[in-house]
Amino acid sequence: RIGPRRYGHTGLPDEPGTVLLTVSGAVARPMVVEVPTGVPLRYVLEMAGAPPLPQGVLTGGYHGNWIDAVSSHNAVISRESLATVGGALGAGAILPIGPDT
């Protein structure tokens, strides 16, 4: 709806556009959400009602990786940022683990 030029200016300069994320696990509001690249992962987790510092977060789905709480607090939604902390964007699945797990 916004056109290719505007879409190309959405998100990070080196990874433009948006990403669909499926957020479930230890959250109050499981959701599918579309966000621009560069949005903090902690913001996505807050929107879904995840614990402030989950024990860990599975990023990317079945072929993704687990990241720890500090990494989930500091990472942004991008392939490069998630890879830097050991995660992966993969299929866009985001699953935090609650404190009682």
When Gly92 is run through (1) surrounded by fewer than 17 Cβ atoms within 10 Å (Cβ to Cβ); (2) in contact (Cβ under 8 Å) with a residue 40 or more places away in the chain; (3) not aliphatic (A, V, I, L, M), the failure sits at (1)
Go through the stretch 92-101 and give me each residue that's small (Gly, Ala, Ser) and at pLDDT 95 or above. Gly92, Ala93
Within the stretch 60-95, the residues that are over 15 Å from Glu15 (Cβ atoms) and β-branched (Val, Ile, Thr) are Ile67, Val70, Val85, Ile94
Within the stretch 47-89, the residues that are in a loop (DSSP other than H, G, I, E, B) and at pLDDT 95 or above are Gly49, Ala50, Gly60, Ala75, Ile77, Ser78, Val85, Gly86, Gly87, Ala88, Leu89
Give the residues of the stretch 27-58 that are more than 14 Å from the chain's Cα centre (by Cα) and either buried (at least 18 other Cβ atoms within 10 Å of the Cβ) or touching a residue at least 40 places away in the same chain (Cβ under 8 Å) (or both), sorted by residue number. Pro51, Gln55
Could you tell me which residue of the stretch 6-23 is farthest from Gly61 (Cα to Cα), considering only residues that are surrounded by fewer than 17 Cβ atoms within 10 Å (Cβ to Cβ) and out of contact with any helix residue (DSSP H, G or I) (no Cβ under 8 Å at 6 or more places or on another chain)? Arg6
Tell me which of these Gly61 doesn't satisfy, since it passes every other one: (1) in contact (Cβ under 8 Å) with a residue 40 or more places away in the chain; (2) under 12 Å from Leu95 (Cα atoms); (3) of a type outside the set (A, V, I, L, M, F, W, C). (1)
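The values are calculated or read from the model by the stated rules, or taken from the named source; none is laboratory data. In this text the structure is predicted, and so the values were computed from the model without any measurement. With ideal geometry, Cβ positions are generated from the backbone for all residues, glycine too; neighbour counts draw on all protein chains shown.
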